[in-house]
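A quick write-up on the structure given underneath.
The values are calculated or read from the model by the stated rules, or taken from the named source; none is laboratory data. The structure presented is a predicted model; accordingly, all values stated were derived computationally and were not measured. Every residue, glycine as well, gets a Cβ built from its backbone with ideal geometry; the counts of neighbours run over all protein chains shown. What goes into the accessible areas is simple: the full protein's heavy atoms, side chains included, and nothing from ligands, DNA or RNA. Shrake-Rupley method; radii C 1.70, N 1.55, O 1.52, S 1.80 Å.
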Amino acid sequence: RYFLVGSNPAETKYRVLKIDRTEPKDLVIIDDKHVYTQQEVRELLGRLDLGNRTKIGQKGSSGLSRAVSAFGVVGFVRFLEGYYIVLITKRRKMADIGGHAIYKIEDTNMIYIPNDSVRVTHPDEARYLRIFQNVDLSSNFYFSYSYDLSHALQYNLTVLRMPLEILKTETTQTRQESFDIFEDEGLSTQGGSGVFGICSKPYEKYVWNGKLLEAVKNTVHRDWLLYIIHGFCGQSKLLIYGRPIYVTLIARRSSKFAGTRFLKRGANCEGDVANEVETEQILYDASVMSFSAGSYSSYVQVRGSVPLYWSQDISTMMPKPPITLDQADPFAHVAALHFDQMLQRFGSPIIILNLVKEREKRKHERILSEELVAAVTYLNQFLPPEHAIIYIPWDMAKYTKSKLCNVLDRLNVIAESVVKKTGFFVNRPDSYCSILRPDEKWNELGGCVVSTGRLQTGVLRTNCVDCLDRTNTAQFMVGKCALAYQLYSLGLIDKPNLQFDTDAVRLFEELYEDHGDTLSLQYGGSQLVHRVKTYRKIAPWTQHSKDIMQTLSRYYSNAFS
């Protein structure tokens with residue numbers, strides 16, 4: 001057998017899983033549901049060691065040997081023979097949210113479970129193993145032991161507050177049956193706080209190892225299940241007059257309809273789109289760490305391919321293969337499913353910022369715009385006017401080429417109007433300074449104001465054709481605008497405005513560039529071609545030669561790798 005021993009960070013509590021190695025095909029895992037102390041685990045392992053030695057009194061041959069030390073279980077997988085267990089063997093801390101560490105997987109190890117004596121070999125096993133290991137788990141996969149990365153901070157912090165509310169209502173109901181669940185502990189007087197441990201279910205769409213944990217999900221204790229997200233995570237620290245402010249950027253890539261550029265385009269029949277990434281910027285004051293007492297703020301936006309059935313044929317070896325619409329969808333069925341998902345997760349308004357080219361000599365990108373407009377117009381008939389999908393077309397390429405206007409100034413206007421509609425999340429009521437010095441921009445801010453702070457309702461969904469370069473710059477501008485509001489709401493600046501070339505924005509721009517590069521490598525096979533600097537028109541001449549190199553590297557990876 002294999003024994004999997006897990007402990008808490010302080011090494012005071014332990015759990016043990018027993019994995020049977022005599023089954024050639026099936027996975028037999030026994031979880032005794034018992035929490036051991038360090039002493040008990042030592043005794044247990046000692047007993048196992050003694051009981052499994054070959055001859056009594058032999059010191060040399062140990063009955064129990066340590067196979068591997070790991071930081072977590074990614075999951076279990078089977079191809080044509082028995083099961084493998086995938087373990088995280090190296091990790092690196094990337095960020096910290098309210099004392100919860102977020103780690104990046106640096107290295108993993110696959111261990112074959114069945115014993116050699118019962119192994120039924122299959123000639124094709126090695127091939128499947130190789131295909132499986134093509135997914136490099138050490139590239140931008142993240143996990144956290146104590147924080148749910150698949151949900152946004154707003155969800156996590158509002159869910160944490162719920163059990164208390166539920167408890168208050170439940171204790172009043174149970175009284176009628178003259179039976180109090182907290183009677184013997186004498187806790188009923190305190191409203192039962194601290195009795196409930198809460199654990200939210202992860203959001204399947206952004207979990208990448210859901211399939212690998214399926215085999216054990218219902219048999220082992222919840223603490224063994226470690227959910228992994230894929231995307232990007234970065235954190236920077238700002239010191240504002242000695243107050244440590246952490247700026248964190250987390251991008252969650254959807255695991256449904258995932259795949260690289262040109263191979264995955266548009267949407268599948270369930271309304272999941274290609275290159276769908278949710279980007280969340282979290283700001284918090286690290287002088288007070290706890291979620292209940294500290295100041296936290298976040299803003300979420302989404303990118304994703306145009307939700308229609310469309311594709312590009314790459315066999316032609318053209319740098320820009322023509323866009324074809326594969327299936328007529330007069331009732332916007334796919335788009336409807338897609339926006340359904342979004343409305344359920346974010347509420348309304350859903351704002352679409354479409355950066356696709358409008359004017360072209362040869363009709364190429366415009367095909368998508370025309371279809372998308374038709375779909376949105378059709379769907380809006382079925383939504384109440386106040387919850388309608390808002391569609392903003394803005395041909396970014398055209399504005400970049402024109403000499404008259406500055407792209408980023410125009411984008412800033414759009415960003416302001418978007419943030420004004422959705423609002424943002426902050427877990428504390430408006431500070432006193434906003435009453436002393438009222439700001440008209442602040443008072444017009446949308447979203448939902450509750451007693452505990454503000455909630456973001458609705459979301460911005462940005463797309464171009466690839467959702468890489470133009471999208472990243474647009475998202476950066478919206479993020480910069482939201483960042484100003486976030487800093488203002490935490491009482492750190494006196495007006496919700498931020499200028500370029502300030503330390504805060506420079507730091508934020510670097511985070512966004514990293515984020516864009518990482519997502520671009522995952523989907524397009526190269527780093528960003530056009531950066532924020534390109535659009536600000538302050539990029540040096542050397543940058544343009546880099547751009548050409550990136551374009552070529554993208555073309556190469558699309559065509560050959």
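Mean separation of Cα pairs under 8 Å and 6+ residues apart, divided by the residue count of the range 248-365: what relative contact order is that in percent?
On the way: 178 pairs, mean separation 27.2, N = 118.
Reported relative contact order: 23 percent.
log10 I(q)/I(0), Debye, Cα-only the range 247-527, no solvent, q = 0.16, 0.17 Å⁻¹?
One equal scatterer on each Cα of the range 247-527 leads to -1.32, -1.45.
What ³J(HN,Hα) values, in whole Hz, does the Karplus curve 6.51 cos²θ - 1.76 cosθ + 1.60 give for the range 496-513 when θ = phi - 60°, with x put for Gly and Pro?
Here the 3J(HN,Hα) series is x, 9, 10, 9, 4, 6, 9, 4, 4, 6, 5, 5, 5, 5, 4, 4, 5, 5 Hz.
Say a site is exposed when it is one of the chymotrypsin sites (Phe, Trp or Tyr not before Pro), sits in a DSSP loop, and has at most 15 other Cβ atoms within 10 Å; what is then the longest site-free stretch of the chain?
On the way: sites that count: Y145, F179, F196, Y241, F331, F382, Y432, F500, F560.
The longest uninterrupted stretch comes out as 1-144.
How about the range 264-333: which GluC sites (Glu not before Pro) there are in a DSSP loop, with at most 15 other Cβ atoms within 10 Å of their Cβ? Before the final figure, lay out each step's value.
Working: sites: E270, E276, E278, E280; in loops: E270, E276.
Passing both the DSSP loop test and the Cβ count: E270.
With every protein chain present, what is the per residue accessible area of the chain (1.4 Å probe, Å²)? Display every interim value, and only then the final one.
Working: 27890 Å² over 561 residues.
On a per-residue basis, the chain sits at 50 Å².
Kindly provide the helix-only [θ] at 222 nm of the chain, computed as the sum of -39,500 (n - 2.57) over DSSP H runs of four or more divided by all residues, to the nearest 500 deg cm²/dmol? All intermediate terms of the calculation are to be shown ahead of the outcome.
On the way: 14 runs with 176 residues, N = 561.
Per the formula, -10000 deg cm²/dmol.
Computing the accessible area with a 1.4 Å probe over protein heavy atoms, can you report the carbon and sulfur percentage for the range 247-527? Don't jump to the answer; show the numbers that get you there.
Working: 6270 of 11130 Å².
Ligands and nucleic acids excluded, carbon and sulfur reach 56 percent.
How high is the relative contact order of the chain, in percent, with contacts defined as C-alpha pairs under 8 Å that are six or more residues apart? List each step's numbers first, then the result.
On the way: 996 pairs, mean separation 56.2, N = 561.
Averaging sequence separation for qualifying contacts and normalising by length gives 10 percent for the chain.
Can you flag which of K18/K201; K403/K533; K401/K421 are past 20 Å Cα-Cα? Could you put the intermediate results ahead of the total?
On the way: K18/K201 25 Å; K403/K533 16 Å; K401/K421 29 Å.
Checking Cα-Cα distances, K18/K201; K401/K421 exceed 20 Å.
For the range 217-293, which trypsin sites (Lys or Arg not before Pro) are both in a DSSP coil and crowded by at most 13 other Cβ atoms within 10 Å? Walk me through the numbers before you get to the answer.
Working: sites: K217, R222, K237, R252, R253, K256, R261, K264, R265; in loops: K217, K256, R261, K264, R265.
Those that pass, being in a loop and sparsely packed, are K217.
Calculated FRET efficiency, T551 and I166, Cβ-Cβ r, R0 60 Å, to nearest 0.05?
Working: r = 55 Å, r/R0 = 0.92.
With a Förster radius of 60 Å, E is 0.65.
Students often forget the sequence filter, so: which aspartates and glutamates lie under 14 Å Cα-Cα from K237 once same-chain residues fewer than 8 apart are removed?
Partners found: D96, D285, D503, E509, E510.
Which of the GluC sites (Glu not before Pro) found in the range 403-449 are in a DSSP loop and have at most 16 neighbouring Cβ atoms, other than their own, within 10 Å?
Numbers: sites: E416, E440, E444; in loops: E444.
Passing both the DSSP loop test and the Cβ count: E444.
Return the tail of the calculated pair distribution for the range 1-52, meaning the percent of Cα-Cα pairs more than 17 Å apart.
Details: 543 of 1326 pairs.
Result for the distance tail: 41 percent.
How big is the chain by the Kirkwood estimate over distinct Cα pairs, in Å?
Numbers: mean 1/r = 0.0378 Å⁻¹.
The answer is 26.5 Å.
Counting only protein heavy atoms, what percent of the accessible surface of the range 1-52 is carbon or sulfur at a 1.4 Å probe? It would help to have the intermediate numbers written out before the result.
Working: 1680 of 3380 Å².
The value for the range 1-52 is 50 percent carbon and sulfur by accessible area.
Which value, to two decimals, describes the C-alpha radius of gyration of the range 256-397 once divided by 2.2 N^0.38 Å? Show your work: numbers first, answer last.
Details: Rg = 18.0 Å, N = 142, 2.2 N^0.38 = 14.5 Å.
Rounded to two decimals, the normalised Rg is 1.24.
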